[in-house]
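This report refers to the structure that appears directly beneath it.
The values are calculated or read from the model by the stated rules, or taken from the named source; none is laboratory data. Keep in mind that this is a model prediction, so the values were computed, not measured. Note that each Cβ is placed from the backbone with ideal geometry, even for glycine, and that neighbours are counted across all protein chains shown. Ligands, DNA and RNA are stripped out before the accessible areas are found, and what is left, the full protein with its side chains, is counted by its heavy atoms. Shrake-Rupley method; radii C 1.70, N 1.55, O 1.52, S 1.80 Å.
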Amino acid sequence: MDPGTFTQICIGVATALLTFLWLRRRKGGASGSRPAHPYPPGPTTLSIFLSDLWRIVSRSKPPNLIELVTDLRRRYGDIYSVQKGKKLLVIMSDPEMVKELFVKQAAITSGRDTAPLAHVAFKDEGSIIFAEGKPWSEMRRFFLHALRKHGMGKRTLGDTVNDEAHILCREFSRTDAQPFDPFRMVNYAVANIIRTITAGRRFEYSNERFQQMVQLITDVLGAENFYGPLEMLPWLYYTPLFNKERGMCNALIGLMKGEVTEHRETFDAEHPRDVIDMCLAEIDRAEAAGEISYLDESTLWRTLLDIYLAGTETVATTLTWAMLYMAGYPQVQAKIGEEIDSVVGRHGTLSYDDRIKMPYTEAAIAELLRIRPIAPLGIPHITTEDILFRGYHLPERSIVMMNMVGMHLDPQLWPDPETFDPMRFLAEDGRTTVKHDGHLPFGAGRRVCLGEQLAKVELFLFFTSLLQNFVFRLPEGVLPDYGFGHRTSTLAPRKFEIIARPR
């Protein structure tokens, strides 16, 4: 079949599907009956899906995510909806709404629905991010225990991060204060923390397998043409249109399965070395006891993949933004350097506990997570029953998301929101940090980020280690560009080069 014929078939099938969905939306639901209460306002199904269809045919880039959600909020208010296939997608941009739905009604808003990409490319079974109900609660309990036992939440985690931060600073020193792109090296450092916890050892940055894994994670999360089309027509993943993306996903799956296979070959149930070993021990125990388990060897790689995808580029991207903002706000950078010096000097080693004595640095990290949040729309929640919310009908299995970046950049909540100002998070005396209701960088409710504590430790120790050792500047004549580069799940800065000059 030639490409032209294939495209025409896709257009025909998609047009028929769109027409059906549009008519059903106008009639008020799958049954054709209009609900007693309306859905939240929003654009028509037809307009949204025609846009997605055009992107499939033209292979064009999606609209800027921030501009899109900002425009929809301006047009429809703090809560709006879009029909996405059979499900209603609801997006909230008000922190009180988020807490009311995700915290107060957590029992019926903590479901999860597999994203089309995760379903077709990585499968559902074994995913801790997309599981719900009893499988999710049991897997979460087990993996939190395993992660804490092997680093997360213990003092040894600080030692692991500090060791890796020392190596990262050594790599930065080799740039000889010349302009360089920091993103790759920072990704290596953060990925090594995940690998040390899950697999018991780190990779050298020059290791080709490691480089391939980090690059694949970056490519999969940054494949902007990937997500919208597959939400509409997931089967397109298996067509020639997505040969490249399918190859990336399969390669990443192979690397995760390889980690599990290597561990099984050297596994000693009496002496588990890391998280993977603990999982293998639990799998063997449940099998020997004849118990039904939600974790088995064929799905262990899937949760391992979740941990890498959720825990690598998110923190690395935030640290990359940190360097850019420090270069653009040298007075903030200098004040953080002074605070570090006052606690441990130029050559001492900070611990995570030292953050209590460093309120300005803590406030700067909070401001960084405000102005450029790790995940701009969080991870989708699913309603597990019909809900009447603020006068709107949210049917069972509605997708509910928070517009985190909209809340964090709302001028009603944050005066001059695009200005980087740590003082927003400091008490009047400057000695303690303060919290804000509209600051939700790790989500809210029962589905709050599993790796929140790990991310906080990494951000504090990597950030302070870098600023203890270097002054960051942009190349001569280059102005800071805080605009967004790629991304759907995370928002990375546009490519830039930085100068790391030793202090």
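Looking only at the range 87-105, how many residues end up being assigned to a helix (DSSP H, G or I) and either buried (at least 20 other Cβ atoms within 10 Å of the Cβ) or out of contact with any strand residue (DSSP E or B) (no Cβ under 9 Å at 6 or more places or on another chain) (or both)? Steps first, please.
Here is the first cut: in the range 87-105, the residues assigned to a helix (DSSP H, G or I) are 95-104.
Add one more test, that the residue is either buried (at least 20 other Cβ atoms within 10 Å of the Cβ) or out of contact with any strand residue (DSSP E or B) (no Cβ under 9 Å at 6 or more places or on another chain) (or both), and what stays is 95-96, 98-99, 101-104.
Of the residues in the range 87-105, 8 are assigned to a helix (DSSP H, G or I) and either buried (at least 20 other Cβ atoms within 10 Å of the Cβ) or out of contact with any strand residue (DSSP E or B) (no Cβ under 9 Å at 6 or more places or on another chain) (or both).
Would you be able to tell me the number of residues in the range 247-271 that are open to solvent by 60 Å² or more (accessible area, probe 1.4 Å) and closer than 29 Å to D219 by Cα?
5
Being within 23 Å of V448 (Cβ to Cβ) and in a loop (DSSP other than H, G, I, E, B) is the filter here, so list the residues in the range 347-388 that pass it.
R372, P373, I374, A375, P376, L377, G378, I379, P380, T383, T384, E385
Let me spell it out: the conditions are (1) of a type in the set (D, E); (2) touching a strand residue (DSSP E or B) at 6+ places or on another chain (Cβ under 9 Å); (3) closer than 30 Å to L350 by Cα, and D386 meets all of them except one. Which number is the exception?
Among (1) of a type in the set (D, E); (2) touching a strand residue (DSSP E or B) at 6+ places or on another chain (Cβ under 9 Å); (3) closer than 30 Å to L350 by Cα, D386 violates only (3).
Is it the case that the range 284-292 has a residue that's over 21 Å from the mean Cα position of the chain (by Cα), β-branched (V, I, T), open to solvent by 30 Å² or more (accessible area, probe 1.4 Å) and more than 30 Å from L467 (Cα to Cα)?
yes
Which residue is surrounded by the fewest Cβ atoms within 10 Å (Cβ to Cβ), if the candidates are limited to the range 310-350 and must be of a type outside the set (A, V, I, L, M, F, W, C) and touching a Leu at 6+ places or on another chain (Cβ under 8 Å)?
Top of the filtered list is G328.
Which condition number in (1) surrounded by 15 or more Cβ atoms within 10 Å (Cβ to Cβ); (2) more than 20 Å from A500 (Cβ to Cβ); (3) out of contact with any helix residue (DSSP H, G or I) (no Cβ under 8 Å at 6 or more places or on another chain); (4) at pLDDT 95 or above is the one that T175 fails?
The number of the failed condition is (2).
Do you know which residues across the range 170-217 are aliphatic (A, V, I, L, M) and within 21 Å of Q468 (Cβ to Cβ)? Break it down stepwise before answering.
Of the range 170-217, the ones aliphatic (A, V, I, L, M) are 177, 185-186, 189-191, 193-194, 197, 199, 213-214, 216-217.
Once the filter is applied, which keeps residues that are aliphatic (A, V, I, L, M) and within 21 Å of Q468 (Cβ to Cβ), the range 170-217 yields A177, M185, V186, A189, V190, I193.
Under the condition of being in contact with a helix residue (DSSP H, G or I) (Cβ under 6 Å, 6 or more places away or on another chain), assigned to a loop (DSSP other than H, G, I, E, B) and more than 15 Å from L255 (Cβ to Cβ), which residue from the range 188-208 is modelled with the highest pLDDT?
Applying the filter and picking the extreme gives Y205.
Conditions first: (1) in contact (Cβ under 8 Å) with a residue 60 or more places away in the chain; (2) assigned to a helix (DSSP H, G or I); (3) surrounded by fewer than 21 Cβ atoms within 10 Å (Cβ to Cβ); (4) not β-branched (V, I, T). D113 passes all but one, so which condition is the exception?
Tallying (1) in contact (Cβ under 8 Å) with a residue 60 or more places away in the chain; (2) assigned to a helix (DSSP H, G or I); (3) surrounded by fewer than 21 Cβ atoms within 10 Å (Cβ to Cβ); (4) not β-branched (V, I, T), D113 fails exactly one: (2).
So which helices (runs of 4 or more DSSP H) stay within the range 242-331 end to end and still have 2 or more residues that are under 24 Å from F183 (Cβ atoms) and without any contact (Cβ under 8 Å) to a residue 60 or more places away in the chain?
Those helices (runs of 4 or more DSSP H) span 243-265.
Please find, among R170, R112, R141, the residue that is among the basic types (K, R) and within 26 Å of V186 (Cβ to Cβ).
Exactly one residue qualifies, and that residue is R170.
I want to confirm something. Restricting to the range 70-86 and keeping residues that are in a loop (DSSP other than H, G, I, E, B) and closer than 12 Å to Y392 by Cβ, which single residue is most open to solvent (accessible area, probe 1.4 Å)?
Out of the qualifying residues, it is D78.
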